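Okay, so here's the structure we're looking at.
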């Protein structure tokens, strides 16, 4: 049974995104298809409970600190963060690159943890951002590990939007690049989502032998230079394997059971 007022409140919270962080009552009313008085009442309740905040000058609304608090709780409770935090921090420190953990969620990649090499032990657990799968290294790592039926279904329902001049928007070209990732053991992204930043990533598997997410190393485009890749790819791939093991990934045991 759906409680209408709760659903409407959640629909309002779901409107906010990195590309649309501030909304007016009129914006919200149009987006959810509800009268302004109804929207105003729902927004006031969310405001009073800390799920929204309001800019006193513009009168527009954005997400409140309560949402941030809940995100921190979620990040701390995720198993992948708990088992992989120390490994990802070690990877960042050993490579001198910015490292991330991300999970596959609703056709996108949701970043759940960030680690920085400059300050050892400095790990941010906030959930987000959410990034497209087809133009991020973490997403490509996951897409390459999905079974063919799942991957084709994803590509069928996902418009390949251009974010930068190097975003791959040709489906055949994207499929070709995804087919090479299992052979290489890692995925790359050359400023396809954000200019000035390039990344490499490797998939993470769970006890069901299914891909559940990925870890990545990010930096300037020079991270993709052959000499740099030679130094950091083994660390990335070994770390992803260690995390998968901690998540219960033992394909050899499954083969023995089948035998």
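The values are calculated or read from the model by the stated rules, or taken from the named source; none is laboratory data. Everything numeric here is computed off the predicted structure, so don't read it as measured data. Neighbour counts run over all protein chains shown; Cβ positions are idealised from the backbone, glycine included.
Can you tell me which residue among 209, 217, 236 is within 29 Å of residue 89 (Cβ to Cβ), touching a residue at least 40 places away in the same chain (Cβ under 8 Å), in contact with a strand residue (DSSP E or B) (Cβ under 8 Å, 6 or more places away or on another chain) and not in a strand (DSSP E or B)? I'd like the intermediate steps shown before the answer.
Details: 209 fails: in contact with a strand residue (DSSP E or B) (Cβ under 8 Å, 6 or more places away or on another chain); 217 fails: not in a strand (DSSP E or B).
Only one candidate passes the filter, namely 236.
Could you please find all residues in the stretch 136-194 being touching a strand residue (DSSP E or B) at 6+ places or on another chain (Cβ under 7 Å) and in a helix (DSSP H, G or I)?
Just the residues of the stretch 136-194 that are touching a strand residue (DSSP E or B) at 6+ places or on another chain (Cβ under 7 Å), to begin with: 136-142, 144-146, 166, 181, 185-191, 193.
Of everything in the stretch 136-194, those that are touching a strand residue (DSSP E or B) at 6+ places or on another chain (Cβ under 7 Å) and in a helix (DSSP H, G or I) turn out to be 137, 138, 139, 140, 141, 142, 144, 145, 181.
Residue 176 fails exactly one of the following numbered conditions: (1) under 26 Å from residue 18 (Cβ atoms); (2) loosely packed, with under 12 Cβ neighbours inside 10 Å; (3) free of Cβ contacts under 8 Å to residues at least 24 places away in the same chain. What is the number of that condition?
Single failed check for residue 176: (1).
Would you point out which residue out of 34, 23, 15 is modelled with pLDDT under 90 and not assigned by TED's automatic domain parsing to the domain that holds residue 129?
Sole residue among the options that is modelled with pLDDT under 90 and not assigned by TED's automatic domain parsing to the domain that holds residue 129: 15.
How many residues does the stretch 87-135 contain that are over 9 Å from the mean Cα position of the chain (by Cα), modelled with pLDDT under 90 and not in a strand (DSSP E or B)?
10
Residue 201 is checked against (1) part of a strand (DSSP E or B); (2) surrounded by fewer than 17 Cβ atoms within 10 Å (Cβ to Cβ) and fails just one. What number does that condition carry?
(2)
Which of the residues that make up the stretch 1-43 are over 30 Å from residue 163 (Cβ atoms), more than 27 Å from the chain's Cα centre (by Cα) and surrounded by fewer than 11 Cβ atoms within 10 Å (Cβ to Cβ)?
Within the stretch 1-43, 1, 2, 3, 4, 35, 37 meet the criteria.
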